[in-house]
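Just so it is clear, none of the values below were taken in a lab; they were calculated from the coordinates. The structure displayed is predicted, hence computed values, not measured ones. Please note: Cβ atoms are built from the backbone with ideal geometry, for glycine as well, and neighbour counts cover all protein chains shown.
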Amino acid sequence: MSTNLIYRHGTVYELLMRGLYGRHYRARYRAVASRIPGGADVLDLCCGPATLYTRHLRGNSVRYTGLDLNERFIARLERAGASGQVWDLHSETPLPAADYVVMQASLYHFLPDPEPVIDRMLAAARHGVLIAEPVRNLTASDNRVLAGIGSRFTDPGDGEQPRRFTEETLDELFRGYPEHVEERTLIAGGREKLYVLRP
Ligand SMILES: C[S@@+](CC[C@H](N)C(=O)[O-])C[C@H]1O[C@@H](n2cnc3c(N)ncnc32)[C@H](O)[C@@H]1O
């Protein structure tokens with residue numbers, strides 16, 4: 001199954017994520033949502049099908065905006081009643097301001113230079129930056145079909161560069177932000193690590 005097909009179809013994407021995260025699937029979103037107070041402005045980068053909004057934040061009166069390269073995800077988000085914008089986050093355009101700026105399971109797309117997008121997040125956030133990133137190899141699934149799909153899923157396609165974070169490389173990255181890091185916590189049964197930064 002191609003990465004394009006996975007990303008084109010929100011439902012296929014969600015089924016894959018459920019398969020990869022198993023019983024920890026909801027916990028990964030709950031961990032992020034629990035750190036966002038009701039009524040906040042939320043900017044979600046690489047929002048995908050915006051499950052964080054539709055299943056976890058919608059009932060919380062937040063004002064949610066999702067940004068993603070994939071126009072189908074943005075169209076779906078708008079149909080769900082939130083606002084969204086097609087946006088290539090490699091672009092140096094400053095991000096719209098928000099109380100909380102979030103990125104989940106997507107920082108690996110910016111390897112080998114993730115700092116510029118983190119800096120843009122810090123510049124846009126009024127209260128907090130939440131970055132949750134897979135640190136366990138989800139492609140080591142016992143299910144070989146899921147493992148193969150998961151491997152493509154996390155492959156940015158450049159061949160040469162490191163493809164994903166480990167807990168050590170993620171910690172090393174955030175050691176460069178000592179004045180911003182407020183919390184670091186393993187979530188979703190240790191599959192992701194959540195960093196909370198203050199701007
Ligand atoms: C693994 S998904 C994560 C989706 C969502 N945050 C979640 O945790 O369910 C990665 C997302 O990053 C988006 N993406 C990848 N590169 C991007 C870029 N340069 N600019 C904006 N979005 C990008 C993809 O379209 C995809 O929706």
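Taking the Cα-to-Cβ direction at LEU186 and at ALA75 and moving 7 Å from each Cα, how far apart do the two end points lie in nm?
Modelled inter-label distance: 4.1 nm.
Give the calculated FRET efficiency between TYR177 and THR11 to the nearest 0.05, with a Förster radius of 25 Å applied to their Cβ-Cβ distance. If you can, show how the numbers build up before the last one.
Details: r = 36 Å, r/R0 = 1.44.
The computed FRET efficiency comes out at 0.10.
By per-residue mean of other Cβ atoms within 10 Å, what is the highest-first order of 92-105, 109-122, 45-58, 175-188? Show your work: numbers first, answer last.
Values: 92-105: 18.9, 109-122: 16.0, 45-58: 22.1, 175-188: 13.5.
Result, highest mean first: 45-58, 92-105, 109-122, 175-188.
Decide, for the stretch 14-75, between rounded, prolate and oblate: order the square roots of the alpha carbon gyration tensor eigenvalues as a ≥ b ≥ c, take rounded if a/c falls under 1.5, and otherwise choose prolate if a/b is larger than b/c, else oblate. Write out the running numbers ahead of the final one.
Values: a/c = 2.33, a/b = 1.14, b/c = 2.04.
It is oblate, given that a/c is not under 1.5 and a/b is not larger than b/c.
How much net charge surrounds LEU107 when only the other residues with a Cβ under 10 Å from the Cβ of LEU107 are counted, with Lys and Arg +1 and Asp and Glu -1? Could the numbers behind the result be given before it?
Details: positive: ARG164; negative: GLU133.
My count for the surroundings of LEU107 gives 0.
Just to verify a number: FRET efficiency for VAL86 and ARG23, C-beta to C-beta distance, R0 = 25 Å, to 0.05?
On the way: r = 33 Å, r/R0 = 1.33.
With R0 = 25 Å, the Cβ-Cβ based efficiency is 0.15.
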